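K.L.:
One structure coming up, written as structure tokens, with questions to follow.
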Amino acid sequence: MTAATRPNRLNIDLKDLTQPWLDYCLAHGVTPSEAIRQVVAKLTKVPPEESPAEGNERRLVRREIRLTPSEAAGIKTCAAREGFSASRWIVALIRARLNNAPQLGQRELELLAMSNLQLLAIGRKLNQLARAANGGVTIADGGRDIVGELRKAISQHTERVAAVITANVSRWST
């Protein structure tokens, strides 16, 4: 995106002030963009609660945690086993505890993708039945076969989704 398409973007050459500015931001735990917004809000007398950046949940706050080497190795092992990077695993753990929301790993996402493929297949079978019924065809042995296939697909789908939910709940509740 260019400045023309994003009129709210500033591009400032700080020259020899770049490193001191970055050091200031790091020391105060804010991004350079957030710090600039704070300066502009103060200079224009816009109260912080009216600043568009306030309450923006997409903005992230950086926190540092200190772990023993064995704790760090344990996190790395758990994260790799569950399809996460170490930092993503820590964030997922926190979000699962705070929000009680699912935090899916790579394997779970793959299972859900396969589940969606099964749902699409079920939809195709249902369309076949609907076309046959609309064409005046009565459901005979072929129709019963389709219904049996649908029951089997729905059962497999239900088992996969249940496994994903169980794995997710047990991961974050232990």
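K.L.:
Hey, can you tell me all the residues within the range 153-167 that are of a type outside the set (Val, Ile, Thr) and at pLDDT 75 or above?
P.N.:
Result: Ala153, Ser155, Gln156, His157, Glu159, Arg160, Ala162, Ala163.
K.L.:
Looking at Ala130, Ala121, Ala113, can you tell me which residue is free of Cβ contacts under 8 Å to residues at least 40 places away in the same chain, surrounded by 12 or more Cβ atoms within 10 Å (Cβ to Cβ) and in the same structural domain as Arg151 (by TED's automatic domain parsing)?
P.N.:
Residue meeting the stated conditions: Ala121.
K.L.:
For the range 75-84, state whether one or more residues are touching a Lys or Arg at 6+ places or on another chain (Cβ under 6 Å) and farther than 23 Å from Arg171 by Cβ.
P.N.:
no
K.L.:
Okay, next question. In the range 45-79, how many are modelled with pLDDT of 85 or more and in a helix (DSSP H, G or I)?
P.N.:
Residues meeting the conditions: 11.
K.L.:
Being farther than 25 Å from Arg107 by Cα and of a type in the set (Val, Ile, Thr) is the filter here; which residues of the range 66-81 pass it?
P.N.:
Matches in the range 66-81: Thr68 only.
The values are calculated or read from the model by the stated rules, or taken from the named source; none is laboratory data. Source: prediction; values computed, not measured. Glycine gets a Cβ as well: all are built from the backbone with ideal geometry, and neighbour counts include every protein chain shown.
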